[in-house]
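Structure, as structure tokens:
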Amino acid sequence: MSEELARGLEGVTVAETRLSRIDGENGDLIVAGFPIEELAPNATFEEVLFLLHEDRLPTRDELDAFRTDLASRRAVADEAIATVRRAADEGQDAMDALRMGIAAATLGRDHEEDPREDALDAVAKMPTLAAAYKRATEGKEPVEPRTDLRHAANYLHLLTGEDPNEAAARGLETYLNTVVDHGLNASTFTARTIVSTESDVVSAVTGAVGALKGPLHGGAPGPVLDMIEEAHERGEPEKVLREELDEGKRLMGFGHRVYKTRDPRAAVLENAAKSFYEGEGSAFFESARETERVGVELLAERKPDLNLSTNVEFYTAVLLRGVGVPRNLFSPTFAVGRSAGWTAHCLEQLEDNRLIRPRSRYVGGEDRTWTAVEDRE
Ligand code: ACO
């Protein structure tokens, strides 16, 4: 057995998947056979979820039934809402609230533990929990989910309690579709690892939420928005970004473990965001573009060999701001979309399961002698 060390599992292939393919050199992303540029702006979220779970597009009748089924699972147990609200009252992070809330998705379950049923339950309940957190931070009661709305439109309704604006719902749906799946990223790997022990899908999604929270993964879009807003308000993106880098910070929304080009999802999200910044908002959009241009330039100056470019998080911040998702829900909204991929990976892992169990190389001591606590200095 090779003892070769692959820190961060970089370059190691540990699973076969039909869910997505990333070409990091050319900047291409294929999701279940479709280029992301074609799938994200055209499909409904329900179609993409069905595609990932079933490996084919649904017929009209199947889609109608699937939508109805998913919508019927949106309500969460009162205890889960109470937990999310308490987390909000205590000033805890939205991702912590989501992690606690989704763990309770098995409460009141009206079926035996079943991977497919649990997968649909988890995906359906994410917006309800995220929106309940947001409303609690504003001292408001949660809104009842609506079964007549599609997933994205219902999410907007849950945030505001109002009829969702059609364009905003489409923008949000395009966002969710864009981030549904992306190879074996850290949170997806976490989910697959958890079900590989024959644990359950809700546990896998709960663990995946925890993995997504970190700023090196799904926690970046909030800080991206701060950076763009500062660049916009001060009117000097280059100075703002130079200051960040001079303080030894990373530029959020730039760089990627796999892409050596601009992340293809950035273009999809940039296109979707544009229409929300017409007229008065156009100056902010232009500041975002200028921030991107300057960021790429400064990173090329400092790391000329790395081709550090914009990742998905940069225009996530711009689009979500445009459709009216508040900053503290950016990462939970990423989780709402990515839960489609997490659950599909769980189902795929279970089709031909093998316990995920890599090795570590021991670098500790070998020759210590035990000393009883009372004899230790
Ligand atoms: N800003 C400044 N420097 C950077 C950036 C950045 N955004 N990204 C990479 N670098 C530098 C690192 O400091 C490092 O320099 P060093 O060798 O002098 O220490 C070098 O480039 C290589 O970086 P690594 O951390 O080894 O690259 P890795 O493949 O692990 O990083 C990552 C990928 C984590 C996304 C990184 O680019 C980063 O931290 N970006 C900023 C955070 C961010 O945008 N996160 C969202 C990622 S997208 C997603 O997960 C959905």
_Under the rule of at least 5 residues apart or a separate chain, name every residue whose amide H is placed under 5 Å from the amide H of GLY214._
GLY219
*asked:* Going by amide H atoms built from the backbone, whose H comes under 5 Å of the H on ASP28, apart from near neighbours?
replied: ASP23
*Hey, if you put +1 on the Cβ of every Lys and Arg and -1 on every Asp and Glu Cβ in the chain, which of VAL323, PRO223, CYS346 ends up farthest toward the positive end of that dipole?*
PRO223
_Radius of gyration and Dmax over the Cα atoms of the stretch 249-326, both given in Å_ = 12.8, 39
*What size of dipole, in debye to the nearest 20, comes out for the chain about its Cα centre when the only charges are +1 on Lys and Arg C-beta atoms and -1 on Asp and Glu C-beta atoms?*
280 debye
*Each residue of the stretch 319-325 in order: what ³J(HN,Hα) in whole Hz does its phi give by Karplus 6.51 cos²θ - 1.76 cosθ + 1.60, θ = phi - 60°, with x for Gly and Pro?*
5, 5, 4, x, 8, x, 7
*For the charge dipole of the stretch 98-230, defined by +1 on Lys and Arg C-beta atoms and -1 on Asp and Glu C-beta atoms about the Cα centroid, which residue among ASN177, HIS111, ALA211 has the Cα displaced farthest towards the positive pole?*
ALA211
*Using helices alone, what [θ] at 222 nm do you get for the chain, with -39,500 (n - 2.57) per DSSP H run of 4 or more residues, divided over all residues and rounded to the nearest 500?*
-17500 deg cm²/dmol
_Whole-Hz ³J(HN,Hα) for each residue in the stretch 279-287, computed from phi via Karplus 6.51 cos²θ - 1.76 cosθ + 1.60 with θ = phi - 60°, x for glycine and proline: what do you get?_
x, 4, x, 5, 5, 5, 4, 5, 4
*If R0 is 30 Å, what FRET efficiency do you get for GLU238 and GLU25 from their C-beta distance, rounded to 0.05?*
0.55
_Loop GluC sites (Glu not before Pro), the stretch 194-256, which have at most 10 other Cβ atoms in a 10 Å radius of their Cβ (DSSP)_ = GLU198, GLU247
*Given a Förster distance of 41 angstrom, what is the FRET efficiency for GLU54 paired with ALA283, based on the Cβ-Cβ distance and rounded to 0.05?*
0.40
*Dipole of the stretch 1-113 (Lys/Arg Cβ +1, Asp/Glu Cβ -1, origin at the Cα centre): which of VAL48, VAL14, MET100 lies farthest to the positive side?*
MET100
*Ordering TRP342, TRP370 from largest to smallest accessible area (1.4 angstrom probe), what's the sequence?*
TRP370, TRP342
*So how do 275-282, 262-269, 29-36 stack up, highest first, on mean other-Cβ count within 10 Å?*
262-269, 29-36, 275-282
*Ordering of 156-168, 320-332 by packing [mean C-beta count within 10 Å, highest first]*: 320-332, 156-168
*Note down the nm distance, to one decimal, between modelled labels 7 Å out along Cα→Cβ at ASP246 and at ASP148.*
5.8 nm
*asked:* Using 0.36 nm times the number of residues separating THR160 and GLU79, minus their current alpha carbon distance, what extension gain do you get?
replied: 27.0 nm
*In this model, which of LYS140/LYS213; LYS213/LYS249; LYS239/LYS274; LYS140/LYS239; LYS134/LYS239 are farther than 29 Å apart at the alpha-carbon?*
LYS140/LYS239; LYS134/LYS239
*For the pair THR371 and ASP89, how long in nm is the line joining their label points, each one 7 Å along Cα→Cβ?*
4.9 nm
*Alpha-carbon centroid distance for the pair the stretch 321-344 / the stretch 48-96, whole angstrom*: 12 Å
*Radius 12 Å from Cβ of ASP121, net charge of other residues (Lys, Arg +1; Asp, Glu -1)*: -2
*List, in order, the whole-Hz ³J(HN,Hα) value for each residue of the stretch 61-68 obtained from phi through the Karplus relation with A = 6.51, B = -1.76, C = 1.60 and θ = phi - 60°; use x for Gly and Pro.*
5, 4, 5, 4, 5, 5, 4, 5
*Which FRET efficiency value, to the nearest 0.05, do you get for ASP69 and ARG7 by plugging their Cβ-Cβ distance into 1/(1 + (r/R0)^6) with R0 = 35 Å?*
0.25
*Determine the distance separating the Cα centre of the stretch 274-310 from the Cα centre of the stretch 159-202; give it in Å without decimals.*
26 Å
*Using +1 on the beta carbon of Lys and Arg, -1 on that of Asp and Glu, and nothing else charged, what's the dipole of the stretch 266-377 about the Cα centre, debye to 20?*
180 debye
*About the Cα centre, charge dipole magnitude for the stretch 1-160 (Lys/Arg +1, Asp/Glu -1 at Cβ), debye*: 640 debye
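The values are calculated or read from the model by the stated rules, or taken from the named source; none is laboratory data. Note that the structure is a prediction, hence the values are computed from the model and not measured. Every residue, glycine as well, gets a Cβ built from its backbone with ideal geometry; the counts of neighbours run over all protein chains shown. Side chains are part of the model used for accessible areas, which takes the heavy atoms of the whole protein and leaves out ligands, DNA and RNA. Shrake-Rupley method; radii C 1.70, N 1.55, O 1.52, S 1.80 Å.
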